[in-house]
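Remarks on the structure that follows.
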Amino acid sequence: MTCDITLLVNPTAGRGRGARAARPAASALRDHGFTVRTVVGADAAEALRRAREAVAGGTGALVAVGGDGMVSLALQAVAGTGTPLGVIAVGGGNDFARATGLPIQDPGAAARLIAASLKGDGGREVDLGRVGDVWFGTVLASGFDSRVNERGNRMRRPRGRLRYDLAMLAELAALKPVRYRMSLDGGPQREVEATLIAVGNATSYGGGMRICAGAVLDDGLLDITVVGPCSRTTLLTVFPRVYRGTHLGHRVVTTHRAASVSLAAEGLTAYADGERLGPLPLTATTVPGAVRLLGTPGPGAG
C-alpha cells in the first residue's frame, strides 16, 4: 500500500463546503500517516485530466471531496483501474454516499473511515453502470426527470433550487408520455409508453429521491423503474412517495432487473449521476466490481 493519497476537490460544492471540507479531511488522513496531495481543476475537464494523471502515477487512493458531480468525475478516473476511491460527501445531493452508507457533511469522520479501510480491508468492490465510455454510480434518468434537469440547466434565473422547481412546473404544464423502445439483456425490443424510465445502479437521485429503491450495489444488476403514462394529478400524488421508495407499489409503476438495458426515444436527453450524458438511444450495462470503495459497510448496502 502506498501512503500517497490524492484529494480531488470541488471548491464550489455545497456553496463552498467542498473547499472547507478539504482541510479537516486532509488533516485526518495525515494523522493516520498518509501523505496527501490536493488536486483542484479550473474546470471539470482539467480536474479529470489531473485525476487521471494521479491514478496513472500510482496514487494509493483518489478521494473525491464534493457532491455527486465530483464523485462522477472521480469515477471516470478510477473505474476499472484498481485504484480505490474515497468519498468526502459535502455536496447538495450526496446520493452516492447515501447509497453506500458513507458519512454525509462530516469530512473528518469520512476521512477516518477511508484511512481505516486503506489500512484494513482495502475497500469493498461495488458495481458501476456504464454507457459507452462513461461510468455512473447512482441513477440514469430519462423522461420527465431528465427534461426538468435539461430545462433547469438552460435557465439563467433564478439561481439555486428554485430554478429547478420552476423547471418542474414548466414540464408539468407540458406533460405527455414518451414512446420508448426498450430491450433488456439484449432481448426483443418492446414499445413502452412512459412518463419516465430510470436505470439505477444505486437507489436514489436528486438528493434522496429513491426512484430505484430496491437497487443493490453489488448484485451485478441494474434496477429499471418505469413510471407509466399518468396525469399531472397522479404524478403529483406519486412524487412525494419517491422519497420513501413506496412509489414502487403504485399501479402506474413497474420495475425490472437486468444486466443491460437499451432505451430509444425521440427528443430525450439522458442524465446520469446528475450530469448530462447525451441523447437517446443508449445502452446501459452493469460492470460488477468496477471500483473498490473505501470506508463502506459490508455487502448489500444500498
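The values are calculated or read from the model by the stated rules, or taken from the named source; none is laboratory data. Just so we're clear, the structure is a prediction, and the values are computed from it rather than from any experiment. Please note: Cβ atoms are built from the backbone with ideal geometry, for glycine as well, and neighbour counts cover all protein chains shown. For the accessible areas, the whole protein counts, side chains as well, though only heavy atoms, and no ligand, DNA or RNA atoms are used. Shrake-Rupley method; radii C 1.70, N 1.55, O 1.52, S 1.80 Å.
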Restricting to the stretch 1-25, and then to whatever is within 20 Å of the chain's Cα centre (by Cα) and basic (K, R), can you tell me which residue is modelled with the lowest pLDDT? R15
Any residue at all in the stretch 103-115 that's under 17 Å from the mean Cα position of the chain (by Cα), aliphatic (A, V, I, L, M) and open to solvent by less than 20 Å² (accessible area, probe 1.4 Å)? no
Would you pick out the residues in the stretch 217-235 that are open to solvent by 40 Å² or more (accessible area, probe 1.4 Å), in contact (Cβ under 8 Å) with a residue 60 or more places away in the chain and farther than 30 Å from V291 by Cα? R232
Determine whether the stretch 148-163 contains at least one residue that is closer than 19 Å to P279 by Cα and in contact with a Ser or Thr (Cβ under 8 Å, 6 or more places away or on another chain). yes
If G120 passes every condition in (1) at pLDDT 95 or above; (2) open to solvent by 10 Å² or more (accessible area, probe 1.4 Å) but one, which one does it miss? (1)
Are any of the residues in the stretch 65-72 surrounded by fewer than 24 Cβ atoms within 10 Å (Cβ to Cβ) and in contact (Cβ under 8 Å) with a residue 24 or more places away in the chain? yes
Are any of the residues in the stretch 26-38 modelled with pLDDT of 95 or more and among the polar types (S, T, N, Q)? no
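Conditions (1) free of Cβ contacts under 8 Å to residues at least 12 places away in the same chain; (2) surrounded by fewer than 19 Cβ atoms within 10 Å (Cβ to Cβ); (3) not polar (S, T, N, Q), marked per residue:
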{"site": "A42", "(1), (2), (3)": "yes, yes, yes"}
{"site": "R52", "(1), (2), (3)": "no, yes, yes"}
{"site": "T59", "(1), (2), (3)": "no, no, no"}
{"site": "L75", "(1), (2), (3)": "no, no, yes"}
Sort out which residues of the stretch 173-187 are open to solvent by less than 20 Å² (accessible area, probe 1.4 Å) and in contact with a helix residue (DSSP H, G or I) (Cβ under 9 Å, 6 or more places away or on another chain), and write them in order of number. V178
In the set A21, A47, A28, which member is farther than 22 Å from R112 by Cα, touching a residue at least 24 places away in the same chain (Cβ under 8 Å) and either surrounded by 17 or more Cβ atoms within 10 Å (Cβ to Cβ) or charged (D, E, K, R) (or both)? A47
Mind listing whichever residues of the stretch 136-158 are buried (at least 24 other Cβ atoms within 10 Å of the Cβ) and either under 12 Å from the mean Cα position of the chain (by Cα) or among the β-branched types (V, I, T) (or both)? F136, G137, T138, V139, L140, A141
Could we say that G132 is on the phi > 0 side of the Ramachandran plot and open to solvent by 10 Å² or more (accessible area, probe 1.4 Å) here? yes
Across the stretch 88-125, what is the number of residues that are in a helix (DSSP H, G or I) and free of Cβ contacts under 8 Å to residues at least 40 places away in the same chain? 2
Hey, can you tell me all the residues within the stretch 188-216 that are open to solvent by 30 Å² or more (accessible area, probe 1.4 Å), more than 17 Å from V126 (Cβ to Cβ) and out of contact with any helix residue (DSSP H, G or I) (no Cβ under 9 Å at 6 or more places or on another chain)? P188, Q189, R190, E191, E193
